Amino acid sequence: MSWSLSLLAPQEPELLDALFLSVGRALHLANAYEGKCQYVLRVGNLITAHEADPAMTLEEVIASAPDDKLLGGTLHSLAAHAMGQTMDMNTLHKARQARNWIAHEGASIGDI
């Protein structure tokens, strides 16, 4: 925390603690959203690979799955996937923008 680098104590330490606790919780939920999107796409890719060749072993199906991507790439792949046709991709992209704001600017409160 920035005040730890100076001799001045923060003006409102209780408020700052509450803010950082809330921001930390929001960041946790934002990261969980990204992980859940990756999981849904991963399962969809496994199902597609199995349906394409039912004779494949589980290990072969898992090995054929593409690598995970960042959230934007995951959502683009999900939109192109058959499962994506049933999803509201506009809402998912707005959630991605909100996640990015939380991750990159959510705790930007300026100098303390």
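Other residues whose C-beta falls under 12 angstrom from the C-beta of GLY73 contribute a net charge of -1, scoring Lys and Arg +1 and Asp and Glu -1. Simple point charges give the picture: +1 on the Cβ of Lys and Arg, -1 on the Cβ of Asp and Glu, and for the chain a dipole about the Cα centre of about 240 debye. For the chain, the solvent-accessible area of protein heavy atoms averages 71 Å² per residue (probe radius 1.4 Å; ligands and nucleic acids excluded). Along its three principal directions, the equivalent ellipsoid of the range 54-112 from the Cα gyration tensor extends over semi-axes of 34, 16, 6 Å, largest first. Carbon-plus-sulfur accessible fraction, the chain (probe radius 1.4 Å, protein heavy atoms only): 61%.
Just how many % of Cα pairs in the chain lie over 24 Å apart, if you round to the nearest whole percent? Walk me through the intermediate numbers first.
On the way: 2869 of 6216 pairs.
The proportion of pairs with Cα distances above 24 Å equals 46 percent.
The values are calculated or read from the model by the stated rules, or taken from the named source; none is laboratory data. Every value quoted in this text rests on a predicted model; they were computed, and no experiment measured them. Cβ: placed from backbone, ideal geometry, glycine included. Neighbour counts: every protein chain shown. Heads up: the accessible areas ignore ligands, DNA and RNA and are worked out on the full protein's heavy atoms, side chains in. Shrake-Rupley method; radii C 1.70, N 1.55, O 1.52, S 1.80 Å.
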